Amino acid sequence: MSGPIASPHLVSAPLGLLMIAAATEIGAGAGHPGRWVPAGLGVLAVVAGIWLRSAAGLAVLTAAAAILVVDPGLGFVAVSGAAASGYLVTRHTDSRAGIETLATTTGFLLGFLLAAVIAALLPARFAWLPLLAPPLTVAVYLVVVQPFCYSSYSETVSYPVRPSIST
Amino acid sequence: MTITPPGPSNMSGIAVEPRWRASPLTLALCSCAAVTLAAAMIGQRWQLVIFAAPLIGVLASVVRQPPPPRVWLRGHPDPGRCFEGEEVRVTVTVSADPPGTALHLRVDDVSGAQVRMLEQRPERVVAAVSAHRWGRYPVRARVDVPAAGGLMTGTGAVDVAEVVVFPLAPPESTVLPHGEMRDRLGTHLTANSGSGVEYADIRPYVPGDQLRTVNWPVSARRGRLHVTQRLSERAADVVVLVDAYPQPPGPATEVTERIARGAVQVVQSALRGGDRAGIATLGGRGPRWLGVDLGRRQFYRVVDTMLGAAPGSGPTTPTGTGSGRGTLVPRPAVPPEAIVVAFSTLLDTDFALALIDLARRGHPVVAVDVLDREPFDGVDPLVGRMWSLQRSFMYRDMRTIGVDVVAWGAGQALDQVLHVVADHRRRTLRRVSR
């Protein structure tokens, strides 16, 4: 599926632009002088993503690179991350998702964002925190990715017993 | 494997059990999160962890997403029937529970057949299937099912319908070998006099003869009443016997294509002549048969049975189909006095024994040998000659037992080949009756 056809796709491009704008602090007055380069690249990727789905991931990576360059504030990063997730989900959803699905996805998205923001706001008192954070991050990532690995999802799905007619 | 699952009545068909894998959305989220987190750790930037957190949150939501939808595929018509070179339209529809799931349906290529898409929508595909060779062609549909809020995608493939392609046979009528025929009006002349139209003889009038049979010109010349005798016309029962034993690879397998063509031609011409026709196949998973019957519908039933596509070919059903065990033709398959025309490569001893058994039961049996060359490629010409010599001995032995064997080559017309047997048998009968 490539092409702006269904309704979620119409939401995806504005979300992508919001992600780029927040990552490069555009609209926040004076900022980093080099912010226009990743901003331009990001907008290009978002525009390409309207037709080509694989360009959406590239747009998100551009936003991450922009954060590396621009070093924006906490609020901008949070908005950019939320917009990036929404952008990817809406760009990849082919048609109307159920309300249940939408609520679950949004809830998890905001919950994880909130946890990360709170963790960032806590004053880093402990000298050993930088030592602990990388393994913890990797562990969280692995735990989250695990359900998608080989065939573990199929085992959680149970089908009803089929009544047989023919032998 | 047709099931009717619980739920609304339109959700019937074949249940699909998809193979689940991570969707493109999941892959994009995973790779973006991985790259961002790696950059955060290497570059010591806490902002990137916050940027990646919602991405990981969306991934983690898979544990609370609704269960995957259940999907049913349905093909119509099942089976679709057509003749060689014709097109049959197969409509494949998909239904899902819960409804409204974004499904993507497509029809695979059918090996040996041509598939032309007439209509392609996500939930309904109409394909025109045609084939140049008879046989059964399963139509396989594939459906993509999204699940878990788009994080998972499943692909399921199901044979939704079957296209049965009937062999085309030349329209020429085949001559049947004569035998004793049952007392049923038909189109075959018999040696007995009766109430036909074909002239037989003139004899003096005896009391009891119908007045309308009196031949007035002859009576006037001879001065006595004479009547015209006519030959009676009877209908025959024809049973086509098809060799379905596995054949050795090479030429023997190639010529089996003509078995179906010949069988169809014999049945077609018999039914057109008002005869009753039936079919029995030997080999494979035991004998299967369809009892003799009249009419156009019987033609399609016979071809269905031959291609093994007849629904419910279990033990004997009211229409006279059946299957059994053993290597001989079951008695219910061949009514008394029925003419048996067998198509075979005559390589299998069991088939030859079945023919001999039929001849012993009193049926006129004609075996059409479709193997017109030696069943091995690239051997010494001497071996080929010895093979053909051996075959001619076998023909003679079978004829002695009462089974007429004719060779039917690739370029020959079946009606001409069978004509030879019919003449031969007629001469033999005449000799016997004298």
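The values are calculated or read from the model by the stated rules, or taken from the named source; none is laboratory data. What you see is a predicted model; the values in this text were computed from it and never measured. Methodologically, a virtual Cβ is constructed for each residue, glycine included, from the backbone with ideal geometry; neighbour enumeration extends over all protein chains shown.
Some points to look at:
- Residue that is within 30 Å of the chain's Cα centre (by Cα), surrounded by fewer than 16 Cβ atoms within 10 Å (Cβ to Cβ) and on the phi < 0 side of the Ramachandran plot, where the choices are B:Pro207, B:Pro246, B:Pro217: B:Pro246
- Condition met for B:Gly283 (among the small types (Gly, Ala, Ser), in contact (Cβ under 8 Å) with a residue 24 or more places away in the chain and under 17 Å from B:Leu355 (Cα atoms)): yes
- Of all the residues in region B:155-173, those that are over 30 Å from B:Ser95 (Cβ atoms) and not hydroxyl-bearing (Ser, Thr, Tyr) number 7.
- Filter result for B:Arg70 (within 14 Å of chain A (Cβ to nearest Cβ) and buried (at least 18 other Cβ atoms within 10 Å of the Cβ)): yes
- The set of residues in region B:71-123 that are touching a Gly at 6+ places or on another chain (Cβ under 6 Å) and among the aliphatic types (A, V, I, L, M) comprises B:Leu73, B:Val88, B:Val90, B:Val92.
- Just one of the listed residues (A:Ala65, A:Ala83, A:Ala55) is touching a helix residue (DSSP H, G or I) at 6+ places or on another chain (Cβ under 8 Å), crowded, with 21+ Cβ neighbours inside 10 Å, at pLDDT 90 or above and part of a helix (DSSP H, G or I), namely A:Ala83.
- Single residue of region B:95-110 satisfying the filter (in contact (Cβ under 8 Å) with a residue 24 or more places away in the chain and away from chain A (no Cβ under 14 Å)) that is surrounded by the fewest Cβ atoms within 10 Å (Cβ to Cβ): B:Asp108
- Qualifying positions in region B:143-161 - crowded, with 19+ Cβ neighbours inside 10 Å and within 31 Å of the chain's Cα centre (by Cα): B:Val143, B:Gly156, B:Val158, B:Val160, B:Ala161
- A:Ala116 being among the small types (Gly, Ala, Ser), surrounded by 13 or more Cβ atoms within 10 Å (Cβ to Cβ) and closer than 18 Å to B:Ser31 by Cα: no
- Among the residues here, B:Gly135 does not qualify as more than 26 Å from A:Ser85 (Cβ to Cβ) and buried (at least 19 other Cβ atoms within 10 Å of the Cβ).
- Flag for A:Val138 being part of a helix (DSSP H, G or I), more than 21 Å from A:Leu17 (Cα to Cα), more than 7 Å from chain B (Cβ to nearest Cβ) and modelled with pLDDT of 80 or more: yes
- Residue list for region B:180-209, filter: in a strand (DSSP E or B) and at pLDDT 90 or above: B:Ile202, B:Arg203, B:Pro204
- Among the candidates B:Ala113, B:Ala53, B:Ala60, residue that is more than 7 Å from chain A (Cβ to nearest Cβ) and either surrounded by fewer than 22 Cβ atoms within 10 Å (Cβ to Cβ) or free of Cβ contacts under 8 Å to residues at least 40 places away in the same chain (or both): B:Ala113
- Options B:Val227, B:Val145, B:Val165; residue that is more than 30 Å from B:Arg258 (Cβ to Cβ), part of a strand (DSSP E or B), in contact (Cβ under 8 Å) with a residue 60 or more places away in the chain and touching a Phe, Trp or Tyr at 6+ places or on another chain (Cβ under 9 Å): B:Val145
- Selection of strands (runs of 3 or more DSSP E) fully inside region B:330-432 by the criterion of at least 1 residues being among the acidic types (Asp, Glu) returns B:365-369, B:403-407.
- Which numbered condition B:Ala280 misses (of (1) crowded, with 17+ Cβ neighbours inside 10 Å; (2) at pLDDT 90 or above; (3) part of a loop (DSSP other than H, G, I, E, B)): (3)
- Filter pass, B:Gln65 being polar (S, T, N, Q) and more than 7 Å from chain A (Cβ to nearest Cβ): no
- Test: residue in region A:45-52 that is in contact with a strand residue (DSSP E or B) (Cβ under 9 Å, 6 or more places away or on another chain), modelled with pLDDT under 90 and not charged (D, E, K, R): no
- Those residues of region A:43-65 which are closer than 15 Å to B:Val35 by Cβ and more than 10 Å from chain B (Cβ to nearest Cβ), in sequence order: A:Ala45, A:Thr62
- Yes/no for B:Val164 being within 30 Å of B:Arg81 (Cβ to Cβ) and at pLDDT 75 or above: yes
- In region B:293-308, the residues that are touching a residue at least 40 places away in the same chain (Cβ under 8 Å) and either surrounded by fewer than 18 Cβ atoms within 10 Å (Cβ to Cβ) or under 16 Å from B:Leu358 (Cα atoms) (or both): B:Tyr300, B:Gly308
- Within region B:29-47, the residues that satisfy the criterion of being within 7 Å of another protein chain (Cβ to nearest Cβ) and modelled with pLDDT under 90 are B:Met41, B:Gly43, B:Arg45, B:Trp46, B:Gln47.
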